[in-house]
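Below: one structure, written as structure tokens.
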There are 4 protein chains.
Amino acid sequence: MTIQIGRGKAARRAYGIDEIALVPGARTIDPAITDTAWGLGDLRLEIPIIASAMDGVVDVTTAGRLSQLGALGVLNLEGIQTRYADPQPILDKIASVGNEDFVPLMQQLYSEPIQPELIRQRIQEIRSLGGIAAVSATPARALQFGRLAAEAGAHLFFVQATVVSTDYLGAPDLPTLDLAQFCQDMPIPVVLGNCVTYDVTHKLMAAGAAAVLVGIGPGAACTSRGVLGVGVPQATAVADCAAARDDYFQETGRYVPVIADGGLVTGGDICKCIACGADAVMIGSPLARAQEAPGRGYHWGMATPSPVLPRGTRIRVGTTGTLEQILRGPAQLDDGTHNLLGALKTSMGTLGARTLREMQQVEVVIAPSLLTEGKVYQKAQRLGMGK
Amino acid sequence: MTIQIGRGKAARRAYGIDEIALVPGARTIDPAITDTAWGLGDLRLEIPIIASAMDGVVDVTTAGRLSQLGALGVLNLEGIQTRYADPQPILDKIASVGNEDFVPLMQQLYSEPIQPELIRQRIQEIRSLGGIAAVSATPARALQFGRLAAEAGAHLFFVQATVVSTDYLGAPDLPTLDLAQFCQDMPIPVVLGNCVTYDVTHKLMAAGAAAVLVGIGPGAACTSRGVLGVGVPQATAVADCAAARDDYFQETGRYVPVIADGGLVTGGDICKCIACGADAVMIGSPLARAQEAPGRGYHWGMATPSPVLPRGTRIRVGTTGTLEQILRGPAQLDDGTHNLLGALKTSMGTLGARTLREMQQVEVVIAPSLLTEGKVYQKAQRLGMGK
Amino acid sequence: MTIQIGRGKAARRAYGIDEIALVPGARTIDPAITDTAWGLGDLRLEIPIIASAMDGVVDVTTAGRLSQLGALGVLNLEGIQTRYADPQPILDKIASVGNEDFVPLMQQLYSEPIQPELIRQRIQEIRSLGGIAAVSATPARALQFGRLAAEAGAHLFFVQATVVSTDYLGAPDLPTLDLAQFCQDMPIPVVLGNCVTYDVTHKLMAAGAAAVLVGIGPGAACTSRGVLGVGVPQATAVADCAAARDDYFQETGRYVPVIADGGLVTGGDICKCIACGADAVMIGSPLARAQEAPGRGYHWGMATPSPVLPRGTRIRVGTTGTLEQILRGPAQLDDGTHNLLGALKTSMGTLGARTLREMQQVEVVIAPSLLTEGKVYQKAQRLGMGK
Amino acid sequence: MTIQIGRGKAARRAYGIDEIALVPGARTIDPAITDTAWGLGDLRLEIPIIASAMDGVVDVTTAGRLSQLGALGVLNLEGIQTRYADPQPILDKIASVGNEDFVPLMQQLYSEPIQPELIRQRIQEIRSLGGIAAVSATPARALQFGRLAAEAGAHLFFVQATVVSTDYLGAPDLPTLDLAQFCQDMPIPVVLGNCVTYDVTHKLMAAGAAAVLVGIGPGAACTSRGVLGVGVPQATAVADCAAARDDYFQETGRYVPVIADGGLVTGGDICKCIACGADAVMIGSPLARAQEAPGRGYHWGMATPSPVLPRGTRIRVGTTGTLEQILRGPAQLDDGTHNLLGALKTSMGTLGARTLREMQQVEVVIAPSLLTEGKVYQKAQRLGMGK
């Protein structure tokens, strides 16, 4: 439904994850017999959760651990891990700086050059832990690092930027990355993103993407909407891009998963993204709260170090449990941030969905969790403030 | 009206109790001549309020007291009362633990086995107080405890889970509860829930339910929406399920009451649920504030003790008066949490409804009590902050 | 437009004053030449503002002062002023009690019987100050006090309750007030209210009301919505009732003013009510902030003293200036609570409305002043919190 | 779409900047090759940002500096700068007074008469710094100061009031400004505003405006909506007025820029205004945070000094960087308030818009950034409150 903002401008209403909820139907299922497996390239993974390529979330150790647990972590090839042979003191420094000095520190730390030999080394370290070596670069660096990563044994390559498109208009004197050519040339599957529309999703799939990342603006450590005004609420973005995936599959017979990325905090958020059509999710802040996380209780966006326009932010997320507790439980918190797999399986059982494909079909209602007066009252109660 | 969340997903807008208000019509009535009575099985009750089967709300004493006052309390057969011969020190411990240790404590306390002889004893204790013995179990335990409870003299049996359906797909090697068979076999009326849709309500009634509990997600001590993404705002859920009740009555001549359960805090909330079509309400936190409540000023959800995925939470509700004050007044608080029966009768008078059936027909408007700037200003005034 | 809350219930969307704003048109006018006069019975008043019949707002002195300023104050015949020969120590006590003891104190103070001779005395005191003697009673007391007040020289009589209707169903053994008969019998104009619908407004006008009060639920000191679930947002209520007034005028040639009552805090709120169709407004809390106000910086609802179901509340409003500053300026505050007449005239000038009748026709937009993230940011800035 | 507020009143839904977001399309562009230039009269300016004619934002020094940076500042001819030969001690006083004494102080300071020779002097001072001398007056003073300013060498003259229209009805004995005559008589371009509707925009353009200012009510230091009830959310106002500009251009061949004024805080807000159709924006509070700003970390509205109805307010905005950092970066803050030009260019690149005209065409979605429960959670995390 098109809405007229004013005489000169029409718009669509888009919905966020906070605005929807899932409706149990006529059937329920024992969570134990639900199946959460999904495929990415040739890999078959038990948990449809990917750890974001962010320096506070994934390093070599967590990448290995995530693979053992049935999930996946992506190492950022343009972050701390490939600029410093020993990232530990750098991460200590980031965790100890005050809020006012954070942006300048990040700008300084990330001005250190990336060392190609460290790219190779990190990939091999992940592999030596038995992990899936998934790594990411921005479009500007993809050509340079892509081949290097593949040769070093990477299993998956992510080309990721705030916004990616197949039609990029660069400065006349600079080379431009041809995504289709890149996917074709790379010997390993390439995941592309982020995007938020049907058309771009379809084009990225046609360019050869092994999966498409969906989500612009909603992340906890992302301030794109404030800085750039850009963003599409995640429920609508996922539903649109999932429609492109289904049409592309109808047209070509190739099923390219859609990965919802950004702004997901709880198990409920993950369930709702899949119900909108996602095949998997990419999450940052919930995993930055793990004991194993390199961020030491902090989480920050990849756009933060920009020397001219920093637009991530650092948030204190705290440390609440192990990666295993967060992904597979048992939960020690009752707020939906522990045992994400258990929450997904319980939700699927409640909703009568045996597989993720069935979960994509469950009924959704628009039900804003707005801060009504009643909610504030309940919140006050939860915080122990009585009346 | 169907709304397109995105190309691949349509949804309905659902409404919560906080989003509606009741409209006085052309007639008003003296509250003294309104009639709030309703029937459940063979019982006729003066107050359409049931105390939730939660350990912080109902024990033997409160069940007896609620019956005396014209209401009803349901004893949870899988909680503290049937695991411990003397529940008092256990309840003391729950009330004295800190927030961070609460979930592990609950997981430990509820791992104690349920003692069948305590089920029998509690039911007899309630009866010896002259109370209505209403007890509840989850579907997994219903077969085992149902017959036992009936033999011990229970008047009503509740089979209650977050979500209940007649079509349950369990693991192949485990027995599954056939709800229709169970209702038929039980010598006492069986109440089933919770559900949120027309179809499931209709099926539960057809299976023989004596009443159906409606509500998933909205409770103060329930975090299903955060953990599982599941939930339907209560005004819509009640209206849908009440329509199923009316159709079922048209088809069969049997009138099966619909009980709204979850998220109701004030007299106004109760009035609004009935105006949406409910015959009665089930409430937890408002009664947990009674001096007689076993929770000692605390309230927690039944899903909290889950060893793998705890998803209730404990809230500090405080103690504000006796059960009698809360249900029948006189009120000492002006915020709608005392004298719930008086509020209902006054609301019915204001709206010109002589009976609950008439109250189900009053006019409703959608009028979100959102936190607008003006409201914040008013709130600040109420809190004594002046400008 | 009818919205389906659920299968069994349809509703209309109603709008509050906080959800609308006024749109300047093609013409602007010098505020100095706008005309705010309106008529009530035979009176012609310069300022379309009436002080609520609340004990914290109107006593003899303020009633006199309001008349001098071109406005009007209504004395509550069932409050402190007619129960106590010397109300000053009583008002001191109300202002000095703590929040927890407030409701019981009110219940005790208002159990003192009303003295008919004090009714007579207060009316004469107002007249001796040269003031318009407007007084109010509830329907139950109207017969008894109406004639008494008229004989004592009252100019206007208000019959006011939370909800008033011409069709009241009382207990069989109690006499019922016939509003039409009462209006006919009374030698002075009778104002009736409150109501919120087209039909009831029309019926009250047909019963002989000199004006109709519109508004249920929205007041700052009113908790009807929380306690009873009852209320209609004020913009919709006023627009509906104003339509009844216009139709009644078409049918009969008698123009009966509609007075918006409840929830109005700022000059902007008053402007918006008139733009929705009101002829005047009744306000409580903004005038309770006057130095002359009997509430000494406090404000409370008339339903508070109810012995069984208190549902007003006491709010601390503070004291910010004289009645003259609040009504006619000059303003010392920039938040819209001083110089309400000046605000109305400036708004009328901005909107090109020369008279209140023209002001009722200005363009309105639905523009929720929701607490968006941006708003919170701005608020924080205003509160001097910087970023 | 027209919505019925009530039987007697229809309204349109209007949208604010906080309710929309921008959608990346199929093309992306290197920000370095985007072009943000725009024209105003004969001037061609690199940055489509104008500093508001407010005493806390623009003085001689900042006007000069803004011109050097590619932007523009407007000097208020009726403020501190033209009433006091040495404004520094006056500005010190404003910055040091407490909140309760602020309004009376402003009323006193602005009662000092405006000195015509200071108007001349300030314009020459700006010119001597190489700056563009843009100055503003209210309609009441425009005739008197307009010619004076033009003779003194001003480049641009702004006639600005809360609301301006070509059809002004004044008191019979006072002369009225004929805007069309004024524009014709003035030897320099005249900018007119503010307005919010298609019709008034079209009329102001037809009257000869060199640009039209759009926005009533939304400013951070503006309380028009609270005091007067007047205001139109900015996204709708800009879209409507931009449609008038396009129609006027079709009819006459003259392109008159539309400048969005009020309520814009971040780079994202600016991007969104342009996407709704604006050619440029006027901002106050973001520039009041500059080290060079005359407000010394404070910002206040132009209507504040009104002797009878003050309706701006003073807000503490703090000081966060130089004008250059705020306009051109590099940014030291990651919240969208530094490097506004960089944000605009990056947003244009992300959205595939090469010029401002293309930026006016990008896709918009309605995506309220409401304070949902999830958002509050994220906020709490950002503030370092963990869970």
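Things to note:
- Applying the condition of being part of a loop (DSSP other than H, G, I, E, B), facing chain B (nearest Cβ under 9 Å) and aliphatic (A, V, I, L, M) to the range C:302-319 and asking which residue is surrounded by the most Cβ atoms within 10 Å (Cβ to Cβ) yields C:VAL317.
- Of the residues B:GLY146, B:GLY130, the single one that is closer than 30 Å to B:PRO48 by Cα, part of a helix (DSSP H, G or I) and of a type in the set (Gly, Ala, Ser) is B:GLY146.
- Residues satisfying the stated conditions in the range D:320-340, i.e. surrounded by fewer than 24 Cβ atoms within 10 Å (Cβ to Cβ), in a helix (DSSP H, G or I) and in contact with a Ser or Thr (Cβ under 8 Å, 6 or more places away or on another chain): D:LEU323
- Taking the range C:76-106 as the range and being aliphatic (A, V, I, L, M) and either part of a helix (DSSP H, G or I) or more than 21 Å from C:ALA161 (Cα to Cα) (or both) as the test, the residues that pass are C:ILE80, C:ALA85, C:ILE90, C:LEU91, C:ILE94, C:ALA95, C:VAL97, C:VAL103, C:LEU105, C:MET106.
- Hey, A:ASP59 more than 18 Å from the chain's Cα centre (by Cα), more than 14 Å from chain D (Cβ to nearest Cβ), over 20 Å from A:ALA237 (Cα atoms) and at pLDDT 95 or above or not: no
- Which listed residue, of A:ALA207, A:ALA239, is at pLDDT 95 or above and crowded, with 24+ Cβ neighbours inside 10 Å: A:ALA239
- Hey, A:GLY79 crowded, with 24+ Cβ neighbours inside 10 Å, touching an Asp or Glu at 6+ places or on another chain (Cβ under 6 Å) and touching a residue at least 40 places away in the same chain (Cβ under 8 Å) or not: yes
- Yes/no for A:LEU287 being more than 14 Å from chain B (Cβ to nearest Cβ), crowded, with 24+ Cβ neighbours inside 10 Å and not polar (S, T, N, Q): yes
- Picking from residues in the range C:290-301 that are touching a helix residue (DSSP H, G or I) at 6+ places or on another chain (Cβ under 8 Å), over 25 Å from D:GLN108 (Cα atoms) and in a loop (DSSP other than H, G, I, E, B), the one that is nearest to the other protein chains (Cβ to nearest Cβ) is C:GLY297.
- Among the residues of the range B:242-270, those that are in a strand (DSSP E or B) and away from chain C (no Cβ under 14 Å) comprise B:ILE259, B:ASP261.
- Each residue in the range C:96-113 was checked for being closer than 21 Å to C:ARG311 by Cβ and touching a residue at least 24 places away in the same chain (Cβ under 8 Å), and 9 of them qualify.
- A:LEU43 being more than 30 Å from A:THR138 (Cα to Cα), under 25 Å from the mean Cα position of the chain (by Cα) and away from chain D (no Cβ under 14 Å): no
- Index of the failed condition, A:THR34 passing every other in (1) modelled with pLDDT of 95 or more; (2) surrounded by 24 or more Cβ atoms within 10 Å (Cβ to Cβ): (2)
- Residue match in the range A:325-341 (condition: more than 10 Å from chain B (Cβ to nearest Cβ), touching a residue at least 40 places away in the same chain (Cβ under 8 Å) and either closer than 23 Å to A:GLY56 by Cα or out of contact with any Cys (no Cβ under 9 Å at 6 or more places or on another chain) (or both)): yes
- Of D:ALA10, D:ALA14, D:ALA95, D:ALA71, all but one fail to be within 14 Å of chain C (Cβ to nearest Cβ) and in contact with a helix residue (DSSP H, G or I) (Cβ under 7 Å, 6 or more places away or on another chain); the exception is D:ALA14.
- Against the numbered list (1) assigned to a loop (DSSP other than H, G, I, E, B); (2) farther than 26 Å from B:ALA206 by Cβ; (3) of a type in the set (Gly, Ala, Ser); (4) in contact with a Ser or Thr (Cβ under 7 Å, 6 or more places away or on another chain), B:GLY73 comes up short only at (1).
- Given (1) more than 18 Å from B:MET282 (Cβ to Cβ); (2) surrounded by fewer than 20 Cβ atoms within 10 Å (Cβ to Cβ), number of the condition B:LEU45 does not satisfy: (1)
- Positions within the range B:250-262 being surrounded by fewer than 23 Cβ atoms within 10 Å (Cβ to Cβ) and closer than 17 Å to B:VAL214 by Cα, in sequence order: B:TYR255, B:PRO257
- Condition check for C:PRO233: buried (at least 24 other Cβ atoms within 10 Å of the Cβ) and either without any contact (Cβ under 8 Å) to a residue 12 or more places away in the chain or farther than 27 Å from B:LEU351 by Cβ (or both): no
- Residue count for the range C:1-11, restricted to those that are basic (Lys, Arg) and part of a loop (DSSP other than H, G, I, E, B): 1
- Residue match in the range A:219-241 (condition: part of a loop (DSSP other than H, G, I, E, B), of a type in the set (Val, Ile, Thr) and at the interface with another protein chain (Cβ under 9 Å from one of its Cβ atoms)): yes
- Residues that are crowded, with 24+ Cβ neighbours inside 10 Å and outside any helix (DSSP H, G or I), drawn from the range C:12-22: C:ALA14, C:TYR15, C:GLY16, C:ILE20, C:ALA21, C:LEU22
- Test: residue in the range A:147-156 that is buried (at least 19 other Cβ atoms within 10 Å of the Cβ), at pLDDT below 95 and out of contact with any His (no Cβ under 7 Å at 6 or more places or on another chain): no
- Extreme residue, surrounded by the most Cβ atoms within 10 Å (Cβ to Cβ), among residues of the range A:171-203 that are more than 17 Å from the chain's Cα centre (by Cα) and under 17 Å from D:GLY25 (Cβ atoms): A:VAL200
- Test result for A:GLN4, more than 26 Å from B:LEU309 (Cβ to Cβ), more than 14 Å from chain D (Cβ to nearest Cβ) and of a type outside the set (Lys, Arg): no
- Residue check for A:ASP178: free of Cβ contacts under 8 Å to residues at least 24 places away in the same chain and more than 11 Å from chain D (Cβ to nearest Cβ): yes
- A single member of C:ASP173, C:ASP199, C:ASP185 is of a type in the set (Asp, Glu) and under 25 Å from C:ALA260 (Cβ atoms), and it is C:ASP199.
- Failed criterion for C:GLN361 (all others in (1) more than 7 Å from every other protein chain (Cβ to nearest Cβ); (2) crowded, with 24+ Cβ neighbours inside 10 Å; (3) part of a loop (DSSP other than H, G, I, E, B) hold): (2)
- Residue check for D:ALA134: touching a helix residue (DSSP H, G or I) at 6+ places or on another chain (Cβ under 9 Å), buried (at least 24 other Cβ atoms within 10 Å of the Cβ), more than 30 Å from D:ARG12 (Cα to Cα) and small (Gly, Ala, Ser): yes
The values are calculated or read from the model by the stated rules, or taken from the named source; none is laboratory data. Just so it is clear, the model here is predicted, and its values are computed rather than measured. Backbone-built Cβ (ideal geometry, glycine too); neighbour counts: all protein chains shown.
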